[in-house]
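Asker: I'd like to ask you about the structure that follows.
FYI, it's all coordinate maths here, none of it is from the lab. Just so it is clear, the structure is predicted and the values come from calculations on it, not from any experiment. No Cβ is skipped: glycine too gets one built from the backbone with ideal geometry, and neighbour counts run over all protein chains shown.
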Amino acid sequence: MSKDLKYWIDEIIKPRPELGNFPVCPYAKGVIFEVIDTNGEDIVPPPWNFDLIVYVLPDELSILELTNLAKKYNNEYTSLVFLPDHKDRKTFIKNVQTSNGKYNLLLCQHRDDLNKARDKLKGTIYYSFWEEDYIKEIFET
């Protein structure tokens with residue numbers, strides 16, 4: 001599994017001509033992450049010295065169930081951001097797939113770090129490639 005997730009991260013850090021030579025996730029390069037298997041009910045983010053926690057959840061979870069878990073933990077841990085990535089929900093930025101397509105994931109990172117990265121990108125053309133509804137979905141977490 002970690003090999004698959006590493007491959008996905010390698011894919012989302014590649015510069016893409018379709019995105020003005022930005023990668024899908026410009027700040028994922030060099031990210032230090034920990035992968036944690038969970039049923040979703042026992043998430044308690046540990047103190048960490050890495051950039052990202054990738055929670056891997058059961059395959060049986062529906063898109064709605066995973067989305068609701070993300071909302072639950074975003075409300076519970078306000079200094080963190082939990083972004084859902086369901087294996088059956090394909091997401092794209094200008095025809096470039098952003099989702100992993102293999103696992104149900106909750107991506108957890110510090111809200112302040114994410115907001116700083118987003119603010120830097122706002123001064124570029126990066127978000128001009130995003131659909132309005134995708135921007136709204138991602139930024140409302």
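Asker: State which stretch of the chain is the longest one without any exposed chymotrypsin sites (Phe, Trp or Tyr not before Pro), exposure meaning a DSSP loop state and at most 14 other Cβ atoms within 10 Å.
Answerer: Longest site-free region, per DSSP loop and neighbour criteria: 51-141.
Asker: Next question. Among all stretches of the chain without exposed GluC sites (Glu not before Pro) (DSSP loop, at most 15 other Cβ atoms within 10 Å), which one is longest?
Answerer: In short, 61-130.
Asker: Work from the charge dipole of the chain (Cβ charges, +1 for Lys and Arg, -1 for Asp and Glu, about the Cα centre) and give the residue of Leu69, Ile53, Leu114 farthest towards its positive end.
Answerer: Going by the charge dipole, the pick is Leu114.
Asker: Among the listed pairs Lys14/Lys94; Lys94/Lys116; Lys102/Lys136; Lys29/Lys71; Lys72/Lys120; Lys6/Lys90, give every one whose C-alpha distance is greater than 20 Å. The partial results should precede the final answer.
Answerer: Numbers: Lys14/Lys94 15 Å; Lys94/Lys116 23 Å; Lys102/Lys136 24 Å; Lys29/Lys71 26 Å; Lys72/Lys120 28 Å; Lys6/Lys90 18 Å.
Correct reply: Lys94/Lys116; Lys102/Lys136; Lys29/Lys71; Lys72/Lys120.
Asker: Please report the Cα spread of the range 1-105 along all three principal axes, rounded to whole Å, starting with the longest.
Answerer: 40, 31, 26 Å, listed from the longest principal axis down.
Asker: Another question about this same structure. Quote to one decimal, in nm, the extra length available between Tyr134 and Lys3 on full extension: 0.36 nm per residue of separation minus the C-alpha distance between them.
Answerer: Separation in residues times 0.36 nm, less the Cα-Cα distance, equals 44.4 nm.
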